[in-house]
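The block underneath contains the structure these notes are about, expressed in structure tokens.
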Amino acid sequence: MPVQSVPFRDAPVHSRLLQQYLILLKNYPILTKSLSSGLLSALGNLLSQILEARKKAKSGSPANDINVAGAARYAVFGLLITGPVSHFFYQLMELWMPTTDPLCIVKRLLLDRLIFAPGFLLLFYFVMNILEAKGWEDFEKKMRSSYWTALKMNWKVWTPFQFININFVPVQFRVLFANFIALFWYAYLASVRK
């Protein structure tokens, strides 16, 4: 049975968006990953604020207004840190641990969970502290009060997703895959860092 072609302009919106994303990803991989990371990071923060406002409303407490500056900080972090750092990390992982290595699945997961995750979470805390214009004492206080809790939660939540991501998702889509999971992860981090 022959497949009928549909002119691109008549394709569904999601198909056109995906096609445009793939073109941008091919032509501008780091910029595309950075922009999508910034957007999804900001959305994760907004999601956190909305969930917190609903929780307060249910308990009868007054809800805060949306903190646009908070969402902007997450957008900056995603744009300048998450997108580029993740892009290069996944590219290097492919070089260091090619699929021809019989233990690559285990090595990749260990590298991600034991080296990258703690370092990236530390970088998150540090950069957010700078973006919030807070001093070293505030950074140390947040590290002492919530870093270990956040890292343990990272290991619990992210390990199955990263196992899939680093072993089965094509390298060019790994940052996007992680960004969709991070949408909810950043909502968690925004609430735990308070």
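Pull up the stretch 159-175, narrow it to residues that are in contact (Cβ under 8 Å) with a residue 40 or more places away in the chain and crowded, with 19+ Cβ neighbours inside 10 Å, then point me to the one that is nearest to VAL85 (Cα to Cα).
VAL175
Where residues in the stretch 38-89 are in contact with a Phe, Trp or Tyr (Cβ under 9 Å, 6 or more places away or on another chain) and of a type in the set (A, V, I, L, M), which of them is nearest to GLN172 (Cα to Cα)? Walk me through it before giving the result.
From the stretch 38-89, those in contact with a Phe, Trp or Tyr (Cβ under 9 Å, 6 or more places away or on another chain) are 38, 40-48, 74, 77-78, 81-82, 85-86, 89; that's our starting set.
Retained after the next criterion (residues that are of a type in the set (A, V, I, L, M)): 40, 42-43, 46-47, 81, 85.
Details: LEU40: 17, ALA42: 22, LEU43: 22, LEU46: 27, LEU47: 26, ILE81: 17, VAL85: 14 Å.
Residue satisfying both the conditions and the ranking: VAL85.
Pick out the one residue from ARG113, ARG73 that is open to solvent by 40 Å² or more (accessible area, probe 1.4 Å), modelled with pLDDT of 95 or more and in a helix (DSSP H, G or I). Break it down stepwise before answering.
On the way: ARG113 fails: open to solvent by 40 Å² or more (accessible area, probe 1.4 Å).
So the residue among ARG113, ARG73 that is open to solvent by 40 Å² or more (accessible area, probe 1.4 Å), modelled with pLDDT of 95 or more and in a helix (DSSP H, G or I) is ARG73.
For the condition open to solvent by 60 Å² or more (accessible area, probe 1.4 Å), under 30 Å from ASN67 (Cα atoms) and out of contact with any Gly (no Cβ under 8 Å at 6 or more places or on another chain), what is the one hit in ALA133, ALA178? Let's see the steps before the verdict.
Working: ALA178 fails: open to solvent by 60 Å² or more (accessible area, probe 1.4 Å).
Every option except ALA133 fails the conditions.
Can you name the number of the only condition in (1) within 16 Å of GLN172 (Cα to Cα); (2) open to solvent by 70 Å² or more (accessible area, probe 1.4 Å); (3) free of Cβ contacts under 8 Å to residues at least 40 places away in the same chain; (4) in a helix (DSSP H, G or I) that LEU35 fails?
(3)
The values are calculated or read from the model by the stated rules, or taken from the named source; none is laboratory data. Keep in mind the model is a prediction, meaning the values are calculated, not measured. For neighbour counting, all protein chains shown are included, and Cβ atoms are generated from backbone atoms with ideal geometry for every residue, glycine included. For accessibility, only protein heavy atoms count, side chains too; no ligands or nucleic acids. Shrake-Rupley method; radii C 1.70, N 1.55, O 1.52, S 1.80 Å.
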